[in-house]
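The next block holds one structure in the form of structure tokens; read it before the comments.
The values are calculated or read from the model by the stated rules, or taken from the named source; none is laboratory data. Since the structure is predicted, the reported quantities are computational estimates derived from the model, not experimental observations. Neighbour counts are summed over all protein chains in view; Cβ atoms, including those assigned to glycine, are modelled from backbone coordinates with ideal geometry. Accessible surface is based on the protein model in full, side chains and every heavy atom, while ligands, DNA and RNA are left aside. Shrake-Rupley method; radii C 1.70, N 1.55, O 1.52, S 1.80 Å.
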Amino acid sequence: MVSSFFTPPYYPGFSMEFRRINNLPPYAFATINGLKMEARRAGEDVIDLGFGNPDIPSPDIAVEKLAEAARNPKNHRYSASKGIPKLRLAVADLYKRKFGVDLDPDREVINTIGAKEGFSHLMWVLLQPGDAALVPAPSYPIHIWGPLFAGADVREVPLGTDTEWFDELQDRWEYSWPKPRVIVLSFPHNPTTACVDLDFMQRIVDFAREKEVVLVHDFAYADLGFDGYQPPSILQVEGAKEVAVEIYTLTKSFSMAGWRVGFLVGNAEVVGALEKLKSYLDYGTFQPIQIAAIVAMNEAPDFPAEVCSIYQGRRNALCDGLDRLGWEVPRPKGTMFAWAPIPEPYREMDSLEFASFLVKEAKVATAPGVGFGPGGDAFVRFALVENEQRITQAIRQLRKALTKL
Ligand SMILES: Cc1ncc(COP(=O)(O)O)c(C=O)c1O
């Protein structure tokens, strides 16, 4: 009776309660994934633009270094939880080279196990029950769930244009009690693709200094700006280090998603606080991975620009194609996504229904906007994780399925 073993309760007479995760909604993306798998099992070729899982191979030089370092038994031991010194130095050099920002590798840089782990544990450090955080909505899910897991309240700030967002943010601040201790930012933004400039960063830093609130900027798309747009680091603006920390990751920039190499940089007190928590929680990333990451940053500094130009080509293929179909989608200036309003003739469907329709009828998987929280349900998100030919094929399939356009 194997099947009953997999259906809760697993052990008759004993039912466990998992209070911290009880309220997690079912992952909306799982439904689309299920439909995709079903279609693939039936022999259909589904073009997967749903999950933002980078498909571009990591730099060869990093792969080779990883293999070499893995053969050295000295690297098999526990590593430093905050990251080995040369790794932190490589990030400081990258920030100097790319943004003109000075970072002290000992006090202002710490290695994390990807951006997601760094962000989640940072929320534990900054927040506790009774506290509040301001978070853009819609959002990359952990930006909402991270503060909630730490026991804090989340006040969602609807994301339209950057000016509107700043006004909304000020409003939410005024009406919030208790006063938020943290503001979460992430530009270029997943899923909306909203981008900001240095003026915006200066305004938000000035606001945070006045209100004494910590800014956490998840800079996952630091290197993915198109048509000459250069996403700003929050640390480029005056006074930022007094209030701000930033998360940089090799996931998208160096296409090293599975390696789990991220960093928290900026305000030394906040970096030090996360370092303290992580010294209790983990022994750091596997040292050969840290060594390979150093080589990627130091010896393949142009790799992010190559990755960016691949995504830009895919963005063009997707947006030009959708344009030709008559589906109006804003052309993203950054990220590896397009945030597509459900077209008018299909608006009676919510995002899960529409994304399900696209898998079944067009054999194209997208992410339903509802999975990104409030404000997302009128959209689906395309991730640029298939090559231009496949994206063009996806457009042909969409044309056949979207007969009302
Ligand atoms: C805003 C944002 N932050 C973080 C991540 C995950 O980064 P990492 O792989 O470094 O955990 C993603 C991935 O999609 C993202 O969109």
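Can you compute the charge dipole magnitude of segment 259-321 about its Cα centre, using +1 on each Lys and Arg Cβ and -1 on each Asp and Glu Cβ, nothing else charged? Give it in debye, rounded to the nearest 20.
Values: 5 positive and 7 negative charges, 42 e Å.
Computed about the Cα centre, the dipole is about 200 debye.
Report the calculated FRET efficiency for Lys360 and Glu164 (r = Cβ-Cβ distance, R0 = 35 Å), to the nearest 0.05. Walk me through the intermediate numbers first.
Values: r = 36 Å, r/R0 = 1.03.
For Lys360 and Glu164, the calculated efficiency is 0.45.
Within segment 315-405, report the trypsin sites (Lys or Arg not before Pro) that DSSP leaves as loop and that have at most 14 other Cβ atoms within 10 Å.
On the way: sites: Arg315, Arg324, Lys333, Arg347, Lys360, Lys363, Arg381, Arg390, Arg396, Arg399, Lys400, Lys404; in loops: Lys333, Arg347, Lys363, Lys404.
Here the trypsin sites (Lys or Arg not before Pro) that fit, given the DSSP loop and packing criteria, are Arg347, Lys404.
Which value, in debye to the nearest 20, gives the size of the charge dipole of segment 131-240 about its Cα centre, when Lys and Arg are +1 and Asp and Glu are -1 at the Cβ?
Numbers: 7 positive and 18 negative charges, 76 e Å.
Result for segment 131-240 is approximately 360 debye, rounded to the nearest 20.
Using a 1.4 Å probe on the protein chains only, how many percent of the accessible area of segment 1-111 belongs to carbon and sulfur? Walk me through the intermediate numbers first.
Values: 4400 of 7730 Å².
Carbon and sulfur atoms account for 57 percent of the accessible area of segment 1-111.
Which value, in Å², gives the accessible area per residue of segment 24-68 when a 1.4 Å probe is used on the protein heavy atoms?
Values: 2700 Å² over 45 residues.
Per residue, segment 24-68 has an accessible area of 60 Å².
With a 1.4 Å probe and every protein chain kept in, tell me what percent of the accessible surface of segment 260-395 is carbon plus sulfur.
On the way: 2610 of 5150 Å².
That fraction is 51 percent.
Would you look at the GNM of the chain, springs on alpha carbons closer than 10 Å, and say which of Ala222, Ala273, Ala244 moves the most?
Ala273
Tell me which residues come under 5 Å, amide H to amide H, from Asp48 once H is placed; ignore anything under 5 positions away on its chain.
Amide H neighbours of Asp48: Ala365.
Work out the length of the dipole vector of segment 19-74 about its Cα centre, built from +1 on the beta-carbon of each Lys and Arg and -1 on the beta-carbon of each Asp and Glu, and round it to the nearest 20 debye. Walk me through the numbers on the way to the answer.
Details: 8 positive and 8 negative charges, 108 e Å.
Computed charge dipole of segment 19-74: roughly 520 debye.
Taking the simple approach of a point 7 Å from Cα along Cα-to-Cβ for both His76 and Asp93, what is their distance in nm?
Label at His76, label at Asp93, 3.0 nm between them.
Could you do me a favour and compute the accessible area per residue for segment 290-340, 1.4 Å probe, result in Å²? If you can, show how the numbers build up before the last one.
Working: 1850 Å² over 51 residues.
Using a 1.4 Å probe on heavy atoms only, each residue of segment 290-340 averages 36 Å².
Please work out how much length the chain gains when fully extended from Glu210 to Leu24, using 0.36 nm per residue of separation minus the C-alpha to C-alpha distance, in nm with one decimal. Could the numbers behind the result be given before it?
Values: separation 186, 0.36 × 186 = 66.96 nm, distance 3.48 nm.
Here the answer is 63.5 nm.
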